[in-house]
1. Checking the conditions here, which among 75, 103 is modelled with pLDDT under 90, surrounded by 15 or more Cβ atoms within 10 Å (Cβ to Cβ), under 15 Å from residue 12 (Cα atoms) and in the same structural domain as residue 9 (by TED's automatic domain parsing)?
2. Condition (residue is modelled with pLDDT under 95, more than 16 Å from ligand 1 (Cβ to nearest atom) and surrounded by 21 or more Cβ atoms within 10 Å (Cβ to Cβ)) applied to the stretch 142-162: is it met by at least one residue?
3. Looking at the stretch 106-124, which of its residues are within 16 Å of ligand 2 (Cβ to nearest atom) and open to solvent by 30 Å² or more (accessible area, probe 1.4 Å)?
4. For the stretch 81-99, name all the residues that are open to solvent by 10 Å² or more (accessible area, probe 1.4 Å), in contact with a helix residue (DSSP H, G or I) (Cβ under 9 Å, 6 or more places away or on another chain) and at pLDDT 90 or above.
5. Go through the stretch 216-231 residue by residue and tally those that are under 16 Å from residue 184 (Cβ atoms) and open to solvent by less than 20 Å² (accessible area, probe 1.4 Å).
6. Output the number of the condition that residue 69 fails; it satisfies all remaining conditions of (1) within 16 Å of ligand 2 (Cβ to nearest atom); (2) at pLDDT 85 or above; (3) more than 29 Å from residue 131 (Cα to Cα).
7. What residue, among those in the stretch 184-215 that are under 15 Å from residue 230 (Cα atoms) and of a type in the set (Asp, Glu), is most open to solvent (accessible area, probe 1.4 Å)?
8. Do you know which residues across the stretch 24-58 are buried (at least 18 other Cβ atoms within 10 Å of the Cβ) and at pLDDT below 90?
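The values are calculated or read from the model by the stated rules, or taken from the named source; none is laboratory data. The structure displayed is predicted, hence computed values, not measured ones. Glycine also receives a Cβ, built like all others from the backbone with ideal geometry; neighbour counts cover every protein chain displayed. Ligands, DNA and RNA are stripped out before the accessible areas are found, and what is left, the full protein with its side chains, is counted by its heavy atoms. Shrake-Rupley method; radii C 1.70, N 1.55, O 1.52, S 1.80 Å.
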Amino acid sequence: MSDKRIRIALAGNANVGKSVIFNNLTGLHQHIGNWPGKTVEIAEGRLKFGDYLIDVIDLPGIYSFSSFSSEEEITRDYILKNRPDVVINVLDASTLERNLYLTLQLIEMETPLVIALNQIDLARSKGIDIDTDRLSEILGVPVIPTIAIKGEGFSELLEKAIYVYEKGLKPQKKIEYRTELEDAIDKICRRIGINNKEERYKGYPIRWLAIKVLEGTEPKDVKIEGLDDIIKHLKDSIKEKDLFSYIATERYLVA
Ligand SMILES: Nc1nc2c(ncn2[C@@H]2O[C@H](COP(=O)(O)OP(=O)(O)OP(=O)(O)O)[C@@H](O)[C@H]2O)c(=O)[nH]1
Ligand SMILES: [Mg+2]
């Protein structure tokens with residue numbers, strides 16, 4: 001009998017433990033050491049788990065969101081173009097809030113998602129105790145606690161990823177921005193969606209794309225004309241010229 005196949009990508013901030021998880025699952029040893037300017041590699045490995053053959057992809061860690069970085073673009077393009085069956089968002093439980101910013105972006109990408117709440121040993125030693133059920137409820141995404149360096153939580157993590165894949169689950173929540181922004185997002189969605197009965201435009205989720213257009217970080221293969229009036233109206237109503245940092249701030253408020 002041939003194995004069932006599934007492709008799982010690991011995404012997260014830098015230093016959260018993605019490569020430890022990747023190395024542990026695949027038995028491969030990825031060199032750790034990305035630095036600015038260096039082309040960051042995407043590592044791929046494979047393991048057998050139950051009756052599944054799982055391809056695991058280790059994506060580059062994301063350092064900062066103060067500007068749109070190349071690691072972020074690699075991660076985003078991989079997820080949206082290669083469409084892994086499930087994305088595991090690895091979080092550092094000891095610096096959770098900082099990590100949630102990326103989680104919100106992954107939720108906006110409407111990709112099937114599971115969260116590995118990693119480094120809970122470190123969090124506990126700092127006196128941080130996270131209610132995983134509550135976190136999962138708030139985000140609308142399953143959350144599995146893990147301690148990568150001890151290999152703890154990996155079976156649960158893979159089982160949950162397979163569950164999400166088999167059930168075709170997507171993140172359950174929509175991130176709500178303030179009214180002015182939501183209005184602009186709505187208008188752009190309608191404009192993109194007019195000649196497009198699909199939920200996607202050139203493969204991109206429409207709401208996600210609308211937000212990226214407002215941020216000015218839309219993918220290079222997308223050019224949507226005639227949005228100047230919507231953007232100007234938004235800038236006027238919120239009295240803000242820099243929409244990228246405005247939306248970033250809004251996302252931080254949600255996180
Ligand atoms: N205490 C503790 N340390 C961990 C855990 N998981 C990973 N680490 C440590 O965290 C550091 C970063 O781990 P990596 O796996 O390299 O992190 P990464 O997410 O791949 O980082 P980038 O490749 O830079 O994005 C290493 O020193 C690990 O030993 C954990 O569960 N508990
Ligand atoms: Mg790594």
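1. Being modelled with pLDDT under 90, surrounded by 15 or more Cβ atoms within 10 Å (Cβ to Cβ), under 15 Å from residue 12 (Cα atoms) and in the same structural domain as residue 9 (by TED's automatic domain parsing) holds for just one of 75, 103, which is 75.
2. No: the stretch 142-162 contains no residue that is modelled with pLDDT under 95, more than 16 Å from ligand 1 (Cβ to nearest atom) and surrounded by 21 or more Cβ atoms within 10 Å (Cβ to Cβ).
3. Going residue by residue through the stretch 106-124, those that are within 16 Å of ligand 2 (Cβ to nearest atom) are 116, 118-119.
The answer is 119, and nothing else.
4. Residues satisfying the conditions are 85, 92, 94, 95, 96.
5. Residues flagged as under 16 Å from residue 184 (Cβ atoms) and open to solvent by less than 20 Å² (accessible area, probe 1.4 Å) within the stretch 216-231 amount to 3.
6. That leaves (2) as the condition not met.
7. Checking each candidate, the answer is 186.
8. Hit for the stretch 24-58 is 43, nothing else.
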